Structure formats: C-alpha cells, structure tokens
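As structure tokens, the structure follows; a few thoughts come after it.
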C-alpha cells in the first residue's frame, strides 16, 4: 500500500508549519520552497486543511497560515483524512457489504487487508505533530538498536589467533 502525494505532502506541509511557525503566520511560498512542493498544489491542500479546522489563515502583510490546533492535538490521521486521502488496503469500498469480485463477493484475503488498513489508521492516529517536531515517532527502532559507537568509527577488527 502506498500513500499518495496528497496525503504525504499535506503531512509534510503541516509538519513544516508546526516546526517553523513559532506562533507566527507562515506563507505557503515559504513552505513550498522548503519542502519542494508546488505552490498551487499546497493552495489546494490548505483549502481542505482550513475547512477541516487544522489551519487558519491570516490575511494581509505578514499573513500566512497558523495551526488550528495545538501540536499535541493534531494527529497525522486527521491531516490525511482532511485532504480526502483514504487509509485503506482493500479494493472494496470501506464499510460496504459488497466485495471487490465481480460476483460481489469478498476475496479470501479481504479481512487481512481490511485489518491492515485499520492498523495503519490506528498508528497514524497515535502520531501527532508534536511527535514529528520532537522526532519521537512511536515504533521506530533506531533508538532501541542504535550502536553506542559513532557511525563514522571504523569497525572493530578481529585479532589473529595465536
């Protein structure tokens, strides 16, 4: 399953706004430049994010966008859902009793893919903009298995047997 650019770019832009805003309006041009996203595409995404209450706009000189909620209250799943990005792994319509086969039946693996979509949604609901800005993404093993040695250090060499 692959998240489309709509969902990924919305999350990237919101993380940029959260990280660089510091309570002051940020222009879409600044976000577009830093994240290398088309300004016109950001305008479309931010229209949806504004309607969902995730951002608010400030007009005039010094204007731009502000977060509509605190960092800790803004979940990644909310951002993705606001831009109409479905979080699903099945071919079937979510919640529909009809399956994806031509005879309207569900495939043998339907429940597997449906539960995967549920787990993705639960995970994205557990991650907030605060987590992203603080670089504490739940479930990342890099801190659990990080080597105490510097990554630039030479690997240890085995001593010849005597």
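The values are calculated or read from the model by the stated rules, or taken from the named source; none is laboratory data. Keep in mind that what you see is a predicted model, and the values were worked out from it rather than measured. Neighbour counts are summed over all protein chains in view; Cβ atoms, including those assigned to glycine, are modelled from backbone coordinates with ideal geometry.
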- prompt: Does residue 53 satisfy the condition of being touching a residue at least 12 places away in the same chain (Cβ under 8 Å), more than 13 Å from the chain's Cα centre (by Cα), closer than 22 Å to residue 124 by Cβ and outside any helix (DSSP H, G or I)?
  reply: yes
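What residue, of 100, 92, 107, is modelled with pLDDT of 70 or more and either part of a loop (DSSP other than H, G, I, E, B) or in contact with a helix residue (DSSP H, G or I) (Cβ under 8 Å, 6 or more places away or on another chain) (or both)? Show your work before the answer.
Values: 100 fails: modelled with pLDDT of 70 or more; 92 fails: modelled with pLDDT of 70 or more.
Exactly one residue qualifies, and that residue is 107.
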- prompt: If you go through region 21-42, how many residues are over 16 Å from residue 67 (Cα atoms) and in contact (Cβ under 8 Å) with a residue 12 or more places away in the chain?
  reply: 4
message: Residues that are in contact (Cβ under 8 Å) with a residue 40 or more places away in the chain, part of a helix (DSSP H, G or I) and in contact with a helix residue (DSSP H, G or I) (Cβ under 9 Å, 6 or more places away or on another chain): does region 56-72 have at least one?
response: yes
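Filter region 106-124 down to residues that are surrounded by 15 or more Cβ atoms within 10 Å (Cβ to Cβ) and over 21 Å from residue 10 (Cα atoms), then give me how many there are. Full working, then the answer.
First, the residues of region 106-124 that are surrounded by 15 or more Cβ atoms within 10 Å (Cβ to Cβ): 106, 110, 113-114, 116-117, 120-121, 123-124.
Then keep just the ones that are over 21 Å from residue 10 (Cα atoms); that gives 106, 110, 113-114, 116.
Going through region 106-124 one residue at a time, the tally reaches 5.
When you check residue 18 against the structure, is it part of a helix (DSSP H, G or I), within 18 Å of the chain's Cα centre (by Cα), without any contact (Cβ under 8 Å) to a residue 60 or more places away in the chain and within 21 Å of residue 134 (Cβ to Cβ), yes or no? Before you say what the answer is, go through the steps one by one.
On the way: part of a helix (DSSP H, G or I): yes; within 18 Å of the chain's Cα centre (by Cα): yes; without any contact (Cβ under 8 Å) to a residue 60 or more places away in the chain: no; within 21 Å of residue 134 (Cβ to Cβ): yes.
Spelling it out, it is not the case that residue 18 is part of a helix (DSSP H, G or I), within 18 Å of the chain's Cα centre (by Cα), without any contact (Cβ under 8 Å) to a residue 60 or more places away in the chain and within 21 Å of residue 134 (Cβ to Cβ).
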